[in-house]
1. Among Val130, Val39, Val62, Val115, which is the only one that is in a strand (DSSP E or B) and either surrounded by 19 or more Cβ atoms within 10 Å (Cβ to Cβ) or at pLDDT 90 or above (or both)?
2. Within the range 652-664, can you find the residues that are in a helix (DSSP H, G or I) and either surrounded by 18 or more Cβ atoms within 10 Å (Cβ to Cβ) or at pLDDT 90 or above (or both)?
3. Cβ contacts < 6 Å: first residue under 12 Å from Ala439 (Cα atoms) and assigned to a helix (DSSP H, G or I), restricted to the range 789-800; second residue among the basic types (Lys, Arg) and open to solvent by less than 50 Å² (accessible area, probe 1.4 Å), any location; separation 6+ or different chain. Result?
4. Which residues, counting only those in the range 185-209, are of a type outside the set (Ser, Thr, Tyr), farther than 15 Å from Ala97 by Cβ and either at pLDDT 95 or above or under 37 Å from the mean Cα position of the chain (by Cα) (or both)?
5. Quick one: which residue in Leu670, Leu640, Leu698, Leu716 is modelled with pLDDT of 85 or more and assigned to a helix (DSSP H, G or I)?
6. With Ala339, Ala334, Ala310 as the choices, which residue is out of contact with any strand residue (DSSP E or B) (no Cβ under 9 Å at 6 or more places or on another chain), modelled with pLDDT of 70 or more and open to solvent by less than 10 Å² (accessible area, probe 1.4 Å)?
7. Tell me, please, whether a residue that is part of a helix (DSSP H, G or I), touching a Leu at 6+ places or on another chain (Cβ under 6 Å) and over 29 Å from Gly444 (Cβ atoms) can be found in the range 747-755.
8. Go through (1) part of a helix (DSSP H, G or I); (2) touching a residue at least 60 places away in the same chain (Cβ under 8 Å); (3) open to solvent by less than 40 Å² (accessible area, probe 1.4 Å) and name the single condition Asp142 misses.
Amino acid sequence: MRTGMSWLDVKLGLRMLAKHPALSLVGGLGMAVGIAVSVGFFAFAVNMVYPDIPLEEGDRIVALENRDIEIDNEERRSLHDFVLWRDELTSVRDLGAFRNVGRNLVLGDAPPELVQSAEMTASGFRVSRVPPLLGRYLLEDDERPGAPPVVVIGHDVWRSRFGGDSGIVGREIRFGRVSHTVVGVMPEGYAFPMSHQYWTPLRADPAAYPRREGPSIFIFGRLAPGATMAEAQAELEAIGRRTAAEFPASNATLRPMVMPYTHSLTDIQGLSAWAVVQMQLMMSLLLVVVALNVAVLVYARTATRQGEIAVRTAMGASRRRIVAQLFAEALVLALLSAALGLGIAQVGVELGNRIMAMESAAVPFWMDYSLQPTTVLYTVGLAVLAAVIVGVLPALQVTGRSLQTSLRQLGGGTGIRLGKTWSTLVVAQVAIAVAALPAAVNMGWEEIRHATTRPRYAAQDYMMVPLRPELAADAELAAPGTEPRADTARFGDRLVEVIRRLEAEPGVADVSYSANVPGPIGRVEVEGAANPEETPGGHRAYPEGVAPDYLALYGAPILAGRGLAAGDLGPEATAVVVNEAFVRQVLGGADALGRRVRYVPNDRRARAGEAKPSRWYEIVGVAADLEANELDPDLVTPRLYHPVGPAQAEDAFIEARLRGATAADVAARLREIALEVDASLRLGMARTVDELERQDRLAVRLVALAIGLVLLSVFLLSAAGVYALTSVAVTKRRKEIGIRVALGALPRQVLRSIFARVARQVALGLALGVGAAALFEGASGGELLGGRGTVLLPAFALLMTIVALLAALGPARRGLAIEPTEALRAE
């Protein structure tokens with residue numbers, strides 16, 4: 001007799017889906033959400049953690065960097081170590097380095113355009129093992145001081161900007177005020193080391209800097225033939241120990257690391273393969289939990305088919321054959337759910353791509369978020385796993401010993417007895433829901449609360465454009481080989497001139513600028529006030545360097561004291577203006593005028609007393625908040641506005657209030673103005689504040705989508721599971737109810753005894769769920785529930801109690817309608 005799965009089983013599975021639409025809808029949606037979460041993380045892991053680098057032996061390319069163990073962060077000012085590693089490492093070959101540099105590309109009469117280029121050592125091209133399409137790539141001779149400026153360009157810009165001119169090699173293009181000779185063109189698709197289309201030599205002399213100073217660089221290379229990453233790490237650690245002993249002042253806290261190439265660039269250093277597997281298992285656990293919930297529903301449905309299964313067994317069907325059929329029915333549901341889950345995951349990935357596109361002009365060359373065969377295979381594997389849980393586990397239960405009882409009582413009997421299995425499933429349903437839902441709701445609520453912080457001004461009327469100076473190393477101002485530094489005095493003059501001309505434009509109502517605050521920045525300490533225990537080392541506050549007229553640009557009135565003035569400018573200035581949120585959250589509503597504040601570095605060296613706080617600043621005024629949050633005013637960021645003069649600004653954001661003009665038109669005119677003032681000024685992407693707000697809302701939408709689907713699936717499955725199990729309890733005790741009613745017991749009394757057991761199981765599930773959530777809350781330091789456990793846990797315990805009662809209502813009504821004679825006749 002046939003024992004395997006057949007096409008007939010698949011057709012029967014489709015019929016069962018149509019016959020039980022509620023189970024199909026609830027179970028299918030739940031599994032789709034579980035699969036979507038797991039597949040989404042899988043796509044992240046593939047693209048971010050262990051991507052397939054599309055280069056020859058791409059898995060042999062590694063990154064190297066120093067990590068400061070005191071502050072648990074990378075230290076990229078490692079020019080001295082790079083040279084040492086390049087000379088001594090044998091397990092890593094062709095050691096190279098690069099750094100990202102924004103350059104102002106000037107082509108003919110076209111406005112200058114800010115492009116990202118890679119200043120890279122010539123060895124970087126040897127690491128990638130991709131020959132140029134035309135000409136040559138960079139050579140070590142190009143890195144020497146005084147060498148002629150050269151550039152290698154990518155295939156995309158060669159076609160788009162130069163029309164694929166085969167004579168491009170030898171032509172000159174200009175970055176800022178310096179002309180570079182094109183020496184080569186790389187082939188289509190080449191963007192190493194990250195997402196670059198322009199490459200210039202990295203010229204940096206270690207002798208020009210003390211240790212742990214100079215340019216921040218990314219270091220990379222190829223593992224030598226036969227060498228492993230563990231061997232490279234051991235060799236690098238030996239060099240690191242020797243360097244730390246020789247230079248304790250700079251290297252004592254540095255620990256060199258070797259890692260997969262992409263980890264350093266995507267800032268996921270130290271993430272091991274086992275950690276990724278653990279996270280993937282955690283993501284897949286949601287699917288397992290959901291599948292177990294669906295298995296409960298299928299188990300309850302299968303219990304009503306006990307007679308059918310017994311008849312088939314009596315006619316010669318083997319247990320294996322019956323299990324195969326039930327697995328096929330579950331597989332049909334799981335595959336449909338997998339298709340839906342894959343679609344949900346792709347929507348999430350597309351939202352993530354849109355966020356990344358808003359934040360960056362290009363994504364790393366190795367990232368590919370399109371639907372990959374590995375993702376499809378992984379999705380199918382999850383579907384099979386879900387089908388095993390949903391179909392095989394209930395099938396094995398109903399075809400076990402109880403099947404023999406059904407055979408002996410074919411056409412009658414009580415069928416399977418759920419017993420301990422039933423009790424465990426009811427308890428687990430309630431416990432999982434109570435333990436998981438409050439944390440998910442808290443996470444979603446936090447996102448919603450922060451997302452409701454909105455500008456008080458008309459965000460669509462304000463435009464922000466980053467403006468940066470030419471790097472001195474690109475001009476005749478600096479000696480060859482020195483570190484590019486901003487010429488702040490020159491940049492300040494140009495900034496003032498650009499703003500003056502932009503203010504004269506008819507489509508612009510007002511212009512100001514913001515810039516980084518010079519000096520050390522950390523938490524804020526208020527003179528004479530104790531720091532709260534929950535924020536050791538000071539209060540959280542956000543410093544902003546602004547022009548004296550910045551607050552007037554946004555229409556923020558001064559509520560107390562005075563605003564910033566031209567007399568407050570200068571490197572020794574101490575005047576600051578704070579916002580209302582600072583007064584509420586940091587000063588507790590106390591009078592702010594005349595209070596002094598300073599910044600306390602918030603790293604381990606500061607806590608050890610090795611790092612000194614900054615100087616004291618005096619609060620001279622209080623300005624109205626530029627933002628508002630109707631749900632919680634304390635979510636508005638406390639701010640300190642520092643006056644920063646043009647001569648202090650190393651770069652700036654030009655911020656303008658528009659008047660009847662579009663941001664695109666004003667940005668185009670601003671580029672023309674910048675070109676007229678100084679072709680070396682680097683103008684970034686222009687965006688309205690409203691566009692930046694939309695980017696934040698898009699991220700919140702992505703989080704809300706995930707949390708909302710999880711909440712919906714867990715809630716529906718929990719309710720359906722309690723309903724199904726309670727329904728089975730009534731169905732299987734139909735004969736008992738009939739006999740007891742025939743003996744004079746009232747139906748309500750009989751059902752009270754039956755549902756008292758359900759109530760005890762629900763209560764046990766509530767206790768276990770609340771206890772588990774409380775333990776997790778304590779372990780997370782109160783972050784899991786955000787300190788709302790005393791509200792969320794009772795609320796969800798009450799909610800699940802109501803769900804259980806409503807789920808039991810239908811079976812209870814059927815139990816009350818049982819006629820004793822009909823129950824006894826049926827048995």
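1. Step by step, each of Val130, Val39, Val62, Val115 is checked, and only Val62 is in a strand (DSSP E or B) and either surrounded by 19 or more Cβ atoms within 10 Å (Cβ to Cβ) or at pLDDT 90 or above (or both).
2. Ala663, the sole residue that qualifies.
3. none
4. Val185, Met186, Pro187, Glu188, Gly189, Ala191, Gln197
5. Just a single option satisfies the conditions, and that option is Leu670.
6. Only one candidate passes the filter, namely Ala334.
7. Yes; the residues of the range 747-755 include at least one that is part of a helix (DSSP H, G or I), touching a Leu at 6+ places or on another chain (Cβ under 6 Å) and over 29 Å from Gly444 (Cβ atoms).
8. Of everything listed in (1) part of a helix (DSSP H, G or I); (2) touching a residue at least 60 places away in the same chain (Cβ under 8 Å); (3) open to solvent by less than 40 Å² (accessible area, probe 1.4 Å), Asp142 misses just condition (2).
The values are calculated or read from the model by the stated rules, or taken from the named source; none is laboratory data. Note that the structure is predicted; figures quoted are calculated from it, not measured. For neighbour counting, all protein chains shown are included, and Cβ atoms are generated from backbone atoms with ideal geometry for every residue, glycine included. When the accessible area is computed, the model is the full protein with side chains, heavy atoms only, and any ligands, DNA or RNA have been set aside. Shrake-Rupley method; radii C 1.70, N 1.55, O 1.52, S 1.80 Å.
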